[in-house]
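The values are calculated or read from the model by the stated rules, or taken from the named source; none is laboratory data. Remember, predicted model here, so these are calculated numbers, not experimental data. Here the Cβ positions follow ideal geometry from the backbone for every residue, glycine too, while neighbour counts run over all protein chains shown. For accessibility, only protein heavy atoms count, side chains too; no ligands or nucleic acids. Shrake-Rupley method; radii C 1.70, N 1.55, O 1.52, S 1.80 Å.
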Protein chains: 2
Amino acid sequence: MSTAGNPSGTQAVDRAAKLLSEVVHSAVPVTFTELTAATGLAKSTTSRLLLALERNGLVRRDDHGRFLPGEMFVSFAWRGGADTSLVAVAQPFLDRLGKSTGETINLGVANGPQAETIAQVDCTYLIGGTNWVGLSVPLHASAIGKVLLAHGAAQLSAGPMARTTDKTITSEATLRADLAGVRARGYAVSDEELEPGLITIAAPVFRFDGTVVAALSVSAPTSRMKRETAMAVARRCVEEAAGLSSALGYRPRARKGA
Amino acid sequence: MSTAGNPSGTQAVDRAAKLLSEVVHSAVPVTFTELTAATGLAKSTTSRLLLALERNGLVRRDDHGRFLPGEMFVSFAWRGGADTSLVAVAQPFLDRLGKSTGETINLGVANGPQAETIAQVDCTYLIGGTNWVGLSVPLHASAIGKVLLAHGAAQLSAGPMARTTDKTITSEATLRADLAGVRARGYAVSDEELEPGLITIAAPVFRFDGTVVAALSVSAPTSRMKRETAMAVARRCVEEAAGLSSALGYRPRARKGA
DNA sequence: GCCAGGAGTTCCACTTTATGGAACTAGGTT
DNA sequence: AACCTAGTTCCATAAAGTGGAACTCCTGGC
């Protein structure tokens, strides 16, 4: 009647999915009336579809009759769905960042007293990063590690900080100052601190509750990462990390979602 | 054609939901063919419905074209859907336990060095527990706390253990022995260890990965909780806790789900 | 206690939309 | 190259979904 133009014939399912999406993406329980308004469907249609969704465990009602995501979502979440699918959610953001910078992109998380790379997009040049997925690097020397440290997502192990290049930060005071900078700027830089000739910039990925769960990074040889380039790259990196955070339910300042 | 007898007219949505359910509840990615077989739908129908689900972010395909839960599920999980909905999932189990014992039922989780009550069903007697939701109790003196401790879901704070009654366990060795008993028996008992005249029995609630996330408890005045009653109550409590665990995706011994 | 108004569900004639067999396309295997 | 197997697109058919109106159930006002 109004939306028109469905690629193929699946109106009922599409409408049901739209309702579901409203329910799931809302931060608070949604009322029947809000749903009819949001989707523009007739009351009768909305009612029937919601009943079907409820019957199938896709939505449930709270004690005021408002709609919440159903058993299927909850069960998925409890089964650890989130833990196993960070890479999948992140992929589009990595790809985009890779396309716009041309450099090697990585996603890293804390793994004990190290930073582990869990996803990568290869650079478009002949000279660049090899495959780092599965590799763990020292927290204090890598950009990803510094982001995780700066936001309390990882803790340094007790021992002294290993030196891997002559630029590696090994003093606790220097590191502390650097981490403060990371928080202030919104991104971390490792300028030949891990390997000579390698510059990496990394930005934090936040979860719904504001905690940092991962870091997104761009790595390039010093030859391709001059000061001005670095600024632009850092901005893009922060942008994509913010996009990913948002996909994970992070809402920067507001407490109640739209 | 076969299933027949739908309460009301929503075939397409029901079928789509069934497909979705297969995908979400499977431990591993599901192939197109498995889905046609599992649901008994025509290839063309399956194809159209899956396309619709995919278009709406309810399923996605891995690189082999197999189906996985989509962005909507992942996003829900990352937003902490699990954290906020334990009570909702648990409610039916609490209610059932409350109905069959008539006593005060609680659900508790670890909160720092204490056990916090997050849900309750009031007892059917005039004399019984007041409202404990939101209250935190010492780990070593409460049944819920002992369950959490016994399964590594909570850690005692460093200081000495506070005595609240003359039966409170305050020696580390005694507590350690008691916790071993909790693991062996499958439930914990606090017999006037928190408050004189109060007996509580608690059983662990497991998550998909076998870790304990909460404890389910039955509390009664000593006057109503004699030895034989206690045994029956403990059995019911363990039963319901197991049911709840199962709802959270926990599969006791098997690794692969049904 | 009764009536008014809002919220949601059920009914039913209408017709749009989903259905499934068959034809078709895309990979992979012998 | 011929032959499977897996999956998508087509299309006539009819079954399923649609929405307006009637109906039921609450809730609050007076």
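Cβ-Cβ below 8 Å, separation at least six or inter-chain, first residue in the range B:232-249 and acidic (Asp, Glu), second open to solvent by 40 Å² or more (accessible area, probe 1.4 Å): which pairs?
Between residues of the range B:232-249 that are acidic (Asp, Glu) and residues that are open to solvent by 40 Å² or more (accessible area, probe 1.4 Å), the close pairs are B:Glu240/B:Arg96.
Do any strands (runs of 3 or more DSSP E) entirely within the range A:146-258 hold 1 or more residues that are over 24 Å from A:Gly128 (Cα atoms) and in contact with a Leu (Cβ under 8 Å, 6 or more places away or on another chain), and if so, which?
Hits in the range A:146-258: A:198-206, A:212-221.
Considering only residues of the range B:144-159 that are in contact with a helix residue (DSSP H, G or I) (Cβ under 9 Å, 6 or more places away or on another chain) and of a type outside the set (Val, Ile, Thr), which is nearest to B:Ile199 (Cα to Cα)? Lay out the reasoning, then the answer.
So in the range B:144-159, the residues in contact with a helix residue (DSSP H, G or I) (Cβ under 9 Å, 6 or more places away or on another chain) come out as B:146-147, B:149-151, B:153-156.
The next check asks that each one be of a type outside the set (Val, Ile, Thr); those that pass are B:146, B:149-151, B:153-156.
Values: B:Lys146: 13, B:Leu149: 18, B:Ala150: 18, B:His151: 21, B:Ala153: 22, B:Ala154: 21, B:Gln155: 23, B:Leu156: 22 Å.
Filtering the range B:144-159 for residues that are in contact with a helix residue (DSSP H, G or I) (Cβ under 9 Å, 6 or more places away or on another chain) and of a type outside the set (Val, Ile, Thr), the one nearest to B:Ile199 (Cα to Cα) comes out as B:Lys146.
Only one of these is open to solvent by 20 Å² or more (accessible area, probe 1.4 Å), facing chain A (nearest Cβ under 8 Å) and closer than 21 Å to A:Ala17 by Cα: B:Arg61, B:Arg55, B:Arg66. Name it.
B:Arg55 is the lone residue from the list that is open to solvent by 20 Å² or more (accessible area, probe 1.4 Å), facing chain A (nearest Cβ under 8 Å) and closer than 21 Å to A:Ala17 by Cα.
So if I check each of A:Glu228, A:Glu240, A:Glu195, which one is touching a helix residue (DSSP H, G or I) at 6+ places or on another chain (Cβ under 6 Å) and either among the acidic types (Asp, Glu) or outside the structural domain of A:Ile105 (by TED's automatic domain parsing) (or both)?
On the way: A:Glu228 fails: touching a helix residue (DSSP H, G or I) at 6+ places or on another chain (Cβ under 6 Å); A:Glu195 fails: touching a helix residue (DSSP H, G or I) at 6+ places or on another chain (Cβ under 6 Å).
On inspection, the qualifying residue turns out to be A:Glu240.
Go through the range B:13-33 residue by residue and tally those that are over 19 Å from A:Phe76 (Cα atoms) and modelled with pLDDT under 90.
0
Considering only the range A:111-146, state which residues are of a type in the set (Gly, Ala, Ser), open to solvent by less than 40 Å² (accessible area, probe 1.4 Å) and modelled with pLDDT of 90 or more.
Of everything in the range A:111-146, those that are of a type in the set (Gly, Ala, Ser), open to solvent by less than 40 Å² (accessible area, probe 1.4 Å) and modelled with pLDDT of 90 or more turn out to be A:Ala115, A:Ala119, A:Ala141, A:Ser142, A:Ala143, A:Gly145.
Among (1) hydrophobic (A, V, I, L, M, F, W, C); (2) more than 10 Å from chain B (Cβ to nearest Cβ); (3) in contact with a strand residue (DSSP E or B) (Cβ under 9 Å, 6 or more places away or on another chain), which single condition is A:Phe76 missing?
The number of the failed condition is (2).
Return yes when B:Val238 is modelled with pLDDT of 95 or more, closer than 13 Å to B:Ser142 by Cβ and aliphatic (A, V, I, L, M) and no when it is not.
Numbers: modelled with pLDDT of 95 or more: yes; closer than 13 Å to B:Ser142 by Cβ: no; aliphatic (A, V, I, L, M): yes.
No: the conditions fail for B:Val238.
For the range B:22-38, how many residues meet the condition of being within 13 Å of chain A (Cβ to nearest Cβ) and open to solvent by less than 30 Å² (accessible area, probe 1.4 Å)?
The initial filter retains those residues of the range B:22-38 that are within 13 Å of chain A (Cβ to nearest Cβ), namely B:22-29.
Next cut, open to solvent by less than 30 Å² (accessible area, probe 1.4 Å) only: B:23-24.
Count: 2.
Of (1) farther than 25 Å from B:Val89 by Cα; (2) within 16 Å of DNA strand C (Cβ to nearest atom); (3) not β-branched (Val, Ile, Thr), A:Ala52 satisfies all except one. Which?
(1)
Could you say which residue among A:Ala16, A:Ala82, A:Ala12 is away from DNA strand C (no atom under 15 Å from the Cβ) and facing chain B (nearest Cβ under 8 Å)? Write out each step before concluding.
Details: A:Ala16 fails: away from DNA strand C (no atom under 15 Å from the Cβ); A:Ala12 fails: away from DNA strand C (no atom under 15 Å from the Cβ).
Testing whether each residue is away from DNA strand C (no atom under 15 Å from the Cβ) and facing chain B (nearest Cβ under 8 Å) leaves just A:Ala82.
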